[in-house]
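The values are calculated or read from the model by the stated rules, or taken from the named source; none is laboratory data. Since the structure is predicted, the reported quantities are computational estimates derived from the model, not experimental observations. Here the Cβ positions follow ideal geometry from the backbone for every residue, glycine too, while neighbour counts run over all protein chains shown.
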Amino acid sequence: MIYGIFAGHSNFASNAVESAEKIIGTQDNYSIISNKDLSSEEIFGLLEEIINKNAKDTHFFIFIDFYGSSISLPSVRIKQMHDSRVNLLFGYNMPMILDFFIHRTNKSPFELSGKLIEVGRMGIR
């Protein structure tokens, strides 16, 4: 199982995932984090809590709205702690979200990561 964590500023992540679900239907095995009114340590705590709560899931993809944001540092710390179980993707877009939900059950984390980066780039025109 590949679990998704979508993080972003204000309502970015929740709006993006909600839009994806309107296109492909309701999804499960994901969480949303907003940085609104949260410190870097609080974001780190939320990420750690989600990973611990979903420990049965073997791999986590953390989508961060952009590199260098207040969400980036705690995400990088999480990656360092859980290296083989975590993929970080910075600068996600709708094609990436849709592909994540559609292909996370039939691709390995390595294959999925490469596909998402390719699809994300192709989605920018």
Being at pLDDT below 95 and at negative phi narrows 66, 61, 12 down to just 66
For segment 61-125, please list each of the helices (runs of 4 or more DSSP H) lying entirely inside it that holds at least 1 residues being of a type in the set (Asp, Glu).
-> 94-103, 109-122
Between a first residue in segment 95-120 that is more than 18 Å from residue 85 (Cα to Cα) and a second residue that is at pLDDT 95 or above and of a type in the set (Ser, Thr, Tyr), which pairs have beta carbons less than 7 Å apart while being 6 or more apart in sequence or on different chains?
-> 120/92
Tally time: how many residues in segment 54-94 are hydrophobic (A, V, I, L, M, F, W, C), over 19 Å from residue 124 (Cα atoms) and in contact (Cβ under 8 Å) with a residue 40 or more places away in the chain?
-> 4
Assuming residue 81 fulfils every condition listed in (1) more than 21 Å from residue 114 (Cβ to Cβ); (2) of a type in the set (A, V, I, L, M, F, W, C); (3) within 13 Å of the chain's Cα centre (by Cα) apart from one, which condition is it?
-> (3)
